[in-house]
Amino acid sequence: MIYTATGSDYADQQEQCIFLVFLSTTESFVGLLYAGMCAAILFGKVGRIQSHAQVKFSNSICIQVGLPMPVAVEEPDTPKASPKRVEIEDTPQDKKASKKHGSLMVQVPEPLKSIKTIVPFPVITFQVVNKLCNELGGEIMDANMRVVASDRGSGASASVVASFVKVQLAEFEHPFFNRVWHGRHKLDQSSPLMSRFAKVMIAQNGGTWPEDWNNPKDIRNALRFSELIVTLTGISNVSAATVHAYKRYKYGDLLIGYEFAPVLYKNPDTQRLKVDMRLIHDVVGQKDGRAEAVNGEEDIGDRGSFESIRLKENESKDFERM
């Protein structure tokens, strides 16, 4: 064998170099394998970072208590009135009036109506904020939000395997998610978050929320779930990659009679709407005073996330709130 580096033939020493050739080949193979694995790990890490949606969920979920509204309801035994057409007598004066104004309409008096108080259904709400809301090009396109509820029961009815049911949101699609998104679900007779007894009571009340249940304690007793899992998917406008995020809420994260504090403000210099990221977890009590006591003596479950929720009573004066 002639080695090009020296131009000499070391055929007599070839058997002595077998170990060195094997060692060099193994070292090269391991080096290439290591470089490939490092590149794959780096690519996976970068892909994982890019696939994570830059959003922030609120630490709590609020239930807004409905305000009673008086509604006029027709009496069931009263016949419904309808307008009648009255013919004008054939006199010169009436003919002139008929040509000028047409036939006269006589309205029969409306039937008697009774005033009934109807209570709107409570609405469960959570908040999602885009972290890149104050930057250009940070939107999430074709965003979709899905919610499932988990219920394992309690006491003797507790099950080892949790059952998941789909929760329908009022607005589960957002074509241009750039600032704040509120997920809302109405707690009506068809809601999977309600207990069977609550659904029967709503049906007996004519399909409306019972007026004597319009308080935080009865609303909490009417619920039946242990966890709410929220998933969000979309396409990032920054990387053009599919992104996703999720949040798991516990039963103890419920705040009844509260709503999220306004987070939008107008910058006085640029006159553009921006989001105050410091107020994402802030909640305010409803104006009618139906909010439940957060630090009450009654044990209503695990309130682990309440430590990061500030019950905001006044708004910031730095900017003009919208």
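Any read-out appearing in this document is the output of simple, stated calculations on the displayed coordinates, not a laboratory observation. Owing to the predicted nature of the structure, the values given are computational and were not obtained by experimental measurement. For neighbour counting, all protein chains shown are included, and Cβ atoms are generated from backbone atoms with ideal geometry for every residue, glycine included.
For a quick check: with amide H placed at 1.01 Å from N, whose amide H comes under 5 Å from S226's, ignoring anything fewer than 5 positions away on the same chain? Those qualifying (amide H under 5 Å, at least 5 residues apart or on another chain) are S150, D151, R152.
May I ask you to derive the FRET efficiency for S190 and E227 from their Cβ-Cβ distance with R0 = 25 Å, giving the value to the nearest 0.05? Working from the Cβ atoms, E equals 0.80.
Extent of segment 126-263 along its three principal axes (Cα atoms, max minus min coordinate, largest first): 51, 35, 24 Å.
Between amide H atoms placed 1.01 Å from N, distances below 5 Å from V55 occur with K131, all of them 5 or more places distant or on a separate chain.
The length gained on full extension between K131 and L67, counted as 0.36 nm times the residue separation minus their Cα-Cα distance, comes to 19.7 nm. Note that segment 27-38 has calculated 3J(HN,Hα) couplings of 5, 5, 5, 5, x, 5, 5, 5, 4, x, 5, 5 Hz, one per residue in order, obtained from phi through the Karplus relation 6.51 cos²θ - 1.76 cosθ + 1.60 (θ = phi - 60°); glycine and proline are x. Extension gain, L32 to R248: 0.36 nm times the residue separation minus the Cα-Cα distance gives 73.5 nm. What FRET efficiency, computed as 1/(1 + (r/R0)^6) with R0 = 41 Å and r the Cβ-Cβ distance, is obtained for I118 and V238, rounded to the nearest 0.05? So, using R0 = 41 Å, E works out to roughly 0.30. Couplings 3J(HN,Hα) for segment 51-63, derived from phi with the Karplus relation 6.51 cos²θ - 1.76 cosθ + 1.60 (θ = phi - 60°), are 7, 8, 6, 7, 10, 9, 8, 5, 7, 9, 10, 9, 10 Hz, where x marks Gly and Pro.
With R₀ fixed at 51 Å, the C-beta to C-beta distance from V46 to Q271 puts the FRET efficiency at about 0.85. Electrostatic tally near F126: other residues with Cβ closer than 10 Å to its Cβ, Lys and Arg +1, Asp and Glu -1, net +1. For segment 121-126, 3J(HN,Hα) computed residue by residue from phi via the Karplus equation (6.51, -1.76, 1.60; θ = phi - 60°) reads 5, x, 10, 8, 9, 9 Hz, glycine and proline entered as x.
Scanning residues 5 or more positions from E139 or on other chains, those with amide H under 5 Å from its amide H are N237, with H placed 1.01 Å from N in the peptide plane. In this simple spin-label model, placing a label point 7 Å from the Cα along the Cα-to-Cβ direction at both A39 and F172 gives a separation of 4.2 nm.
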